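For reference, the structure discussed in these notes is given below.
The values are calculated or read from the model by the stated rules, or taken from the named source; none is laboratory data. Everything quoted here is computed from the prediction, not taken from an experiment. No Cβ is skipped: glycine too gets one built from the backbone with ideal geometry, and neighbour counts run over all protein chains shown. Keep in mind that these areas ignore ligands, DNA and RNA; they rest on the heavy atoms of the full protein, side chains included. Shrake-Rupley method; radii C 1.70, N 1.55, O 1.52, S 1.80 Å.
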Amino acid sequence: MPGSSIPSTVIDGLKDKFPAIEVSENLTITVPEAELLSFMRELRDNPDYDFNFLTNLTAVDYPDNFTVIYNLVSFKYGYTLMAKVNLGKDEPAVSSLTSLWGSADWQEREVYDLFGIIFTGRHNLTRILLEDGFAGYPLRKDFQWVGGRE
Amino acid sequence: MVENIFVGFAEWLRSLLAAAGLPALFGDIVLMIVKVAGILAFIAISVLWIVYMERKMAAYFQARIGPNRVGPRGLLQTAADMGKLISKEIIIPRAADKIVFLLMPVLIFVPSLLLFAVVPFGKNMIAVDLNVGVFYFFAVASVSTIIFWAGGWASANKYALIGAMRAVAQMISYEVPMVLAILGVIMIVGSMKMSDIINAQQNVWFIFTQPVAFIIYVIAATAETNRTPFDLLEGESEIIAGPFIEYGGMGFAMWFLAEYANLILVSVLATTLFLGGWLAPFGLTFIPSWVWFLLKIYFMIWVFMWFRWTYPRIRVDQLMNFGWKVLVPLSLANIFVTGIGMFIYRAIGW
Amino acid sequence: MDVTREQHPIEKMTNDSSLIQQVKRVIHLAPLEKIFNLARGYSLWPLGFGLACCAIEGLMATNAPRFDLSRFGYEVLRSSPRQADVMLVAGTITNKMAPYVVRLYEQMPEPKWVIAMGSCAISGGPFVDSYYVVPGADKLIPVDVYVPGCSPRPDAVLHAFMMLRDKVQGKVVLENAR
Amino acid sequence: MLRTEEITLNMGPQHPSTHGVFHVVLKMDHEVITEARPICGYLHRGIEKLAEARTYTQFIPYTDRLDYLAAMLNNTGYVQAVEKLMEIEVPERAEYIRVICCELSRIASHLIAVGTYSVDIGGITGFMYCLRDRERIMDLFEMVCGSRLTLSYMRIGGVAEDLPDEFIPALCQFLDEMPSRLDEYDGLITGNEIFQARTKHVGLLDPGVAINYGISGPNLRASGVFWDLRKNRPYSVYDRFDFEVPLGKRGDCFDRFTCRIKEMRQSLKIIRQAVEQLPEGPVMAKVPKVLKPPAGDVYHEIEGAKGILGYYVVSDGSNKPYRIHVRRPSFINLGFLNELCKGWKIADVVAILGSLDIVLGEVDC
C-alpha cells in the first residue's frame, strides 16, 4: 500500500537518538516507559516525521504485563507508526500524552476506566464510560462478573 | 337567504320572545347567551378541526398520509386525543407553585375567549362591534404573555423557566412591529372599528395598498402564536416543550388548544385588516359573507401551517435582532410612506 | 361469586364502608372508563426516547413516510414524559441508564404502557452476558407488549402498537395462548 | 448592575437532540454556555469484553451494533482487520460488492445525519424526506442479506452471498433517482436562509486543533484538511475509482453539513463505477471452517461514515480473539465538544452536537 508504513531509514535515525527502543520486524516500536514522553515529543515535533495525528490509544492485558499501544499518523508524509509501552502488572502507570495530542485525553480516560492504568501528569483522570462507583476494571483478564444469562 | 341565516335566526328569536310578552331586556340577555354559546361552539369545533388539519397537512407535506383510522378519514382523531388527555392523571411537581400551576392552563383561554367577542364573522354578525375594536384586540391579546410566563415559572423546571423567559422576550418584542404595521391601515380608515375597516375595503383590499404592512404582520403574527420559525418558546429540539414541559393530561391539552385558538385569532385579524373580511371578491356575492370570512381565515391558517412545516427554527438572539433591527424600522417607514401617500392623495383631491 | 344489582361480593368480604364505597364508585364509572379506553387506545403518544439501534427502526423508520405511524394517530412523539402514554424501550438498557429508565417511567402520568422492543429490551439480547447490561426491561418496569427481533422491523412495531391498542380497549389479545 | 447567577442545565440522558442517551451538563450564564461537560457511557455494553468470549466469526454481528447507521462499514473494517492478520486474499468480486455496500451504507448514514440535523435546527420535513430515501437503501440491503439495519453481510474472506439478480437493476434505478433527491434537500434545507443563519460561523473548528484532537471524517474535512483514507491510503479496491473528496472552508456547522451532502454525491459516483466494473467470480475466499489466526496483533483503519474507523485485533493463536479494540470515530470526535460549545447558546449546542454526527452505540461501545 502506498505511503503507509514508515521507511527503515527513519527508524534507524530514531534508534540513534533513543538507544533504548526496540523495533520488531513489522516495524512496531517498543519504548521504555521512562522515555515515552520525550520519544513521542520527538515524533511529533521533528519535521522529518511530523506525526501530528494520534489516531488510536489502547491497552492489552497480557499474562505477564500490560501493554499500552499508540497508533500515530503523519498527515504530511502518510507514515503510520505503532508504538508500545510495556508496564508491570502491579499498579501500572504511564506518563500521559495529553500535553502533546488532545485526542489522548478521552482515550486515556477510557483506558483508565477499563484497565485501571494510571496516566500521570494529567488532570481529570476519571471514569468515562462506567459510573464512578464501579468496582474493578472490566477489560482486565482477571475481572469477575455475573452475566444476565439464565 | 343563506346570507342572513344567523342574523335572521337572531331576529326570529327576539320577535318570538317579544311575542311572548317578555321585556326587551330579557330578549337581549337571551340573545347574548345564545351568541356566547354559538361562539364557544365555533371555537371548540374549529380548534378540534384545526388540530386534525395540522396533522393531516404536515403528513401531506412530508410525503405521508396522516391520521386516517379513527372515524371517517381520521376525523375523530383529535376527539380521541382529547378523551385520553381528559382522563390522564394530573401530576403536580413537588417544587411547583400549585395554585399558579393549576390556574394558568385555565387562564390561557380567557384572552382568547374575550377576543372572539369582536370577531366580525359576517355582515352584521359581530357580537360586540366596539369602536376601539383593533385596540381592544391587541390590549387583550398581550395578556397571554403573562400567563405563559407564569405557567413556565410555576413549573419549577429549568427548561420551563428558559422557555418562559423566551416567551416574554419574544412576545413583547413582536407586539411592537405588529401594532406599528397595523397603524398604516388604521390611518387610511381613520377608525378602529372592525366593521368600518372591512367596509373601507369595498374597492380594494388593504393587502394591495399596504403590502409591507401585511408581510410584517404575518411575520409578527407567526412569532406571536409561537409557530415555526419562531417557536423558540416550545423549541422541541432545544428546551423540549418550554413552559409546558411539566404539564400532562388536561393541563397540556389546554395549552395546546389555546395555541390553536390564537392561531385562529391572528388569522381573523389578518383577514379583517388585509383581506377584506367578509367582503366577496369578484362580485361573487351569492356566496354568503360568513362563508367568505371562513374561507379567508382558513387560507391564512393554511399559510401559517405551510410556514411551520417548511422552515427551521431561528435562534433567540437572531429573533431579537430581526424584530428590533428589521421589523420595527420597516414598520415605522411604512407609517411614514403611508402618511405621505395619504397627504398626496388628499392634495390631489381624491 | 356472582354479582347482582343489589349485592357485590366485596360486601361479603369486608365491613369497611369506605372500601365498599370505593369499589362501588369504580363499578359505576365502568361505562365511562370504557369510553375513555376507546379514546386511549386510539391516541397512544409514545415517549421520544431511544436507547440504541432499535430507536432507528422503532421511532424513526416507523414514523417515516414508508410505514407512517401517523395513520393510527400515534405519531405525536412527546419528549417530555409528562405528556406521553407509551414508553417504547428501544434498545439495550445498561446499568448506568437503568435508573433513568425507571425514573422516566415514573414521571409518566397514569395510565401508561410499555413496549419492550428488540431482544435487548426483552432479555438483554446478544449482550446478555455483559457486565454492564440489564437483562431485559421487565427487570425494571412492567412491560405490556414484547416485540422480538434484533432489530424488529417497523412493521413489527406497528403490530405492537395495534396489539397494545386492543389490550387497552379490553379486547382479548392472545386468543390462542396456551 | 443586575446580579446574574450561573445555572446548571442537564441536557440528557433523555433529550430529543442528543441522538440517543448522551448527557451534557451545561453551565450557563443566561443562555450563554460557559461549560459543557459531556458524560457518556449510558450505552456501554462492554462489546470489547464480550469479544473475548466469542469466536472471530461470532464477533461480526457485534460490529453492526456499534455504528448501527452504517453497519456495512463496521463489518468491513473488522473483517479486513482479521484478513490482514491471517493474510487472506479476498476475491475481486467480493471486494467490489463490499465497496458497493459500504458506499450505500455511507449514504444511509449521511442521510440520517442530514435528516436529524434538520430536526435539530427545527425543520421536521427535511428529516422525513431523508428517511423516505433511506428506505430505498434499506430495500437494497434487504435484497442482499435479508436484514434492514443490522446486516452482518461481510464474512472473513469475502461476503456472505452473491448479489441476487434483481439487485443491480434496483440499484441502478436508485442511482438514477438519488441526485435529484439530493437537489431537493439542497433546496429545502441547505438553501434555507434561516438554516444558513443558524449554522454558518457557528462552532468553528480550526484545522490544527481538529488534527490535534484526532477528529476525523467529514468533520475534519469540513475544516479543510484533505484526509480521506480512501484516497490517502487506499484499501480494498478504492484506488480504481475516480472520485473527489469534498472539503469545507471555514470548518463551521454549515460546512460539516454540506460536506456530507457532497460526499453522498461522490459515493453515488463510486457505486456507479463499481457497478460498471463489477467482475464475475467467486465471492468467498478459501478459508478454513475454524479460524485460528496466527499469534500477533494488527491495526487496520478504514474510512467510516463518521470518521476513521480502526480495529485493533490481538490473537493468541486460538479461535477466539485475545483482545479487540475499536477506534470509534464518534467517541474521539466528541472529545472536543466542551471547547466547541463554549460561548455559544443552547440552540447552538444542539446545532454543534448535531453537526458532529455522533452515534451513541459507537461512542459508548
Which value, in nm² and rounded to one decimal, describes the direction-averaged projected area of the C-alpha convex hull of the stretch C:89-178? 6.5
Which value, in Å² and to the nearest 10, is the accessible area of A:Asp142 when all protein chains are kept and the probe is 1.4 Å? 110
Rel. contact order, % - alpha carbon contacts under 8 angstrom, at least six apart, the stretch D:259-364: 18
Just which residues of the stretch A:97-126 lose 40 Å² or more accessible area with every protein chain there, against their chain alone, with the probe set to 1.4 Å? A:Gly102, A:Ser103, A:Trp106, A:Glu110
How big is the Cα convex hull of the stretch B:234-350 in projection, averaged over all directions, in nm²? 11.3
Computed for D with A: buried accessible area summed over both chains, 1.4 Å probe, rounded to 100 Å², at 3300
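Return the Rg/Rh ratio of the stretch D:1-133 with Cα-based radii and a Kirkwood Rh.
1.13
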Test of understanding: what is the full-extension gain from D:Ala170 to D:Lys84, defined as 0.36 nm times their sequence separation minus their Cα-Cα distance? 27.7 nm
Determine the principal axes of the Cα atoms in the stretch D:7-364, then give the extent along each, sorted from largest to smallest and rounded to whole angstroms. 64, 45, 33
May I ask you to order C:12-21, C:121-130, D:335-344 by the average number of other C-beta atoms within 10 Å around their residues, highest value first? C:121-130, D:335-344, C:12-21
Selection from B:Ala213, A:Ile21, A:Tyr70, by position along the positive dipole direction of the protein assembly as shown (Cβ): B:Ala213
Please list the helices of chain D that count as membrane-span-like by this rule: a mean Kyte-Doolittle hydropathy of at least 0.0 together with Cα atoms stretching 30 Å or more along the helix axis, each helix being a complete DSSP H run. D:92-121, D:124-145
Please determine, in degrees from 0 to 90 and to the nearest 10, the orientation of helix A:8-17 with respect to the longest principal axis defined by the Cα atoms of chain A, where the helix direction is its Cα long axis. 80
Going from the alpha-carbon gyration tensor of the protein assembly as shown, what semi-axes, largest first and in whole Å, does one get by taking the root of 5 times each eigenvalue? 59, 34, 27
Between the stretch B:1-76 and the stretch D:1-73, the Cα center-to-center distance that results, in Å: 51
Taking Cα atoms, the helix A:36-45 axis meets the longest principal axis of chain A at an angle in degrees (rounded to 10) of 50
Tell me which DSSP H helices of chain C clear both cut-offs, 20 Å or more of axial length from alpha-carbon atoms and a mean Kyte-Doolittle hydropathy of at least -1.0. C:17-42, C:154-168
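Evaluate Rg over Rh across the stretch B:31-107, taking Cα atoms for both radii and Kirkwood's formula for Rh.
Ratio value, two decimals: 1.11.
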In a Gaussian network model over chain C where Cα atoms closer than 10 Å are linked, find which of C:Glu11, C:Glu75, C:Glu33 has the largest mean-square fluctuation. C:Glu11
Once label points are set 7 Å from the Cα along Cα→Cβ at both D:Asp242 and B:Val143, what is their separation, rounded to one decimal in nm? 7.2
Under the definition of partner shielding as Cβ atoms of other protein chains within 10 Å of a residue Cβ, what is the mean value for peptide A:48-58? 5
Lysine pairs in chain C with alpha-carbon atoms under 17 Å apart, 8 or more places apart or on different chains: how many are there? 7
Can you give the mean number of other chain Cβ atoms that lie within 10 Å of the Cβ atoms in peptide D:330-339? 3
Over chain B: Kirkwood hydrodynamic radius from C-alpha pairwise inverse distances, Å: 21.8
Where D meets C: accessible area buried, both sides, 1.4 Å probe, Å²: 3000
Identify all lysines with a Cα-Cα distance to D:Lys269 below 19 Å; exclude those on the same chain that are fewer than 8 residues away in sequence. D:Lys231
To the nearest 100 Å², how much accessible surface do chains B and C cover up together, summed over both, with a 1.4 Å probe? 2600
Inter-chain shielding of B:174-180 (mean C-beta neighbours from other protein chains, 10 Å cut-off): 0
Write down Rg/Rh for chain C, rounded to two decimals, with Rg from the C-alpha atoms and Rh from the Kirkwood relation over Cα pairs. 1.06
What lysines does A:Lys17 reach when the alpha-carbon gap must be under 26 Å and sequence neighbours fewer than 8 apart in one chain are set aside? A:Lys76, A:Lys84
Just name one of D:Ile47, D:Thr18, D:Gly224: the one whose Cα is farthest towards the positive end of the charge dipole of chain D (beta-carbon charges, Lys/Arg +1, Asp/Glu -1). D:Ile47
Cα-based equivalent ellipsoid, chain A: semi-axes from gyration tensor eigenvalues, Å: 30, 16, 15
Indicate the residues belonging to the stretch D:14-28 that lose 30 Å² or more of solvent-accessible heavy-atom surface (probe 1.4 Å) upon moving from the chain alone to the assembly of all protein chains, ignoring ligands and nucleic acids. D:Gln14, D:His15, D:Pro16, D:Val21
Taking the simple approach of a point 7 Å from Cα along Cα-to-Cβ for both D:Lys200 and A:Trp145, what is their distance in nm? 4.9
Once R0 is set to 56 Å, what does the formula 1/(1 + (r/R0)^6) return for the Cβ-Cβ distance between D:Gln58 and B:Ala41, expressed as a FRET efficiency to the nearest 0.05? 0.25
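Among all helices in chain B defined by DSSP H, which have a length of 24 Å or more along the axis from Cα atoms plus a Kyte-Doolittle mean of at least 0.5?
Once both thresholds are applied, what remains is B:24-61, B:158-189, B:249-274, B:289-308, B:328-348.
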Extension gain (nm, one decimal) between A:Arg127 and A:Ile21, 0.36 nm per residue minus Cα-Cα: 35.0 nm
Taking the chain alone as reference and the full protein assembly as comparison, with a 1.4 Å probe on protein heavy atoms only, the residues of the stretch D:133-154 that lose at least 40 Å² of accessible area are D:Glu135, D:Arg148, D:Leu149
Between B:Phe299 and C:Ala30, what is the label-to-label distance in nm when each label sits 7 Å out along the Cα-to-Cβ direction? 5.6
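Restricting to bridges with both residues inside the protein assembly as shown, how much of the DSSP beta-bridge set is antiparallel, in percent to the nearest 5?
Bridges in the protein assembly as shown that DSSP calls antiparallel: roughly 75 percent.
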To the nearest whole percent, what portion of all C-alpha pairs in the stretch A:4-90 is separated by more than 22 angstrom? 21
Whole number in Å², please: accessible area per residue of the protein assembly as shown, 1.4 Å probe, ligands, DNA and RNA not counted. 38
Whenever you get a sec, compute what percent of the accessible area on the protein assembly as shown sits on carbon and sulfur atoms (1.4 Å probe). 60
Express in Å², to the nearest 10, the accessible area of C:Ile141 obtained by rolling a 1.4 Å probe over the protein heavy atoms while all chains stay in place. 10
Per-peptide average of other Cβ atoms within 10 Å, ordering B:120-127, D:94-101, B:206-213 highest first: D:94-101, B:120-127, B:206-213
Given R₀ = 45 Å, FRET efficiency for D:Lys289-A:Glu33 by Cβ-Cβ distance, to 0.05? 0.60
Roughly what angle does helix A:104-115 make with the longest principal axis of chain A, taking Cα atoms, 0 to 90 degrees, to the nearest 10? 40
